[in-house]
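Heads up: the structure comes next, in structure tokens.
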Amino acid sequence: MTKPTSGPKKINGWKVRVDRKLCIGAATCVALAAKAFALDTEAKAVILDTANEEAKEAILDAAKGCPVAAIIIEDENGKRIYPK
Ligand code: SF4
């Protein structure tokens, strides 16, 4: 198992990363997509190896629910899905 990082990580055809400078550790993402996100010892969100088991809708909801829009989602061509 690899050490979790804040990405970018491929999740079901999306490229997802957490901007650690923006992340304030609010953990909304952990509540909405627990298989995809966790907080590390610095209270910054990391992307888990189990992220592929999380529904895409939950990942998108987590990104939308992040109070500082720190979760950035792109499709496989690099087109921004969220935030717009
Ligand atoms: S919801 Fe946003 S600010 Fe909160 S832990 Fe997740 S990425 Fe960080």
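Among residues that are within 10 Å of the ligand (Cβ to nearest atom), more than 9 Å from the chain's Cα centre (by Cα), over 17 Å from Pro83 (Cα atoms) and surrounded by fewer than 18 Cβ atoms within 10 Å (Cβ to Cβ), Gly65 is not included. With respect to the conditions (1) loosely packed, with under 15 Cβ neighbours inside 10 Å; (2) over 19 Å from Lys3 (Cα atoms); (3) more than 10 Å from the ligand (Cβ to nearest atom); (4) of a type outside the set (Gly, Ala, Ser), Glu53 falls short on a single one, namely (2).
Every number in this text was worked out from the coordinates using simple rules, so none of it is lab data. Since the structure is predicted, the reported quantities are computational estimates derived from the model, not experimental observations. Every residue, glycine among them, receives a Cβ derived from its backbone with ideal geometry; neighbour counts consider all protein chains shown.
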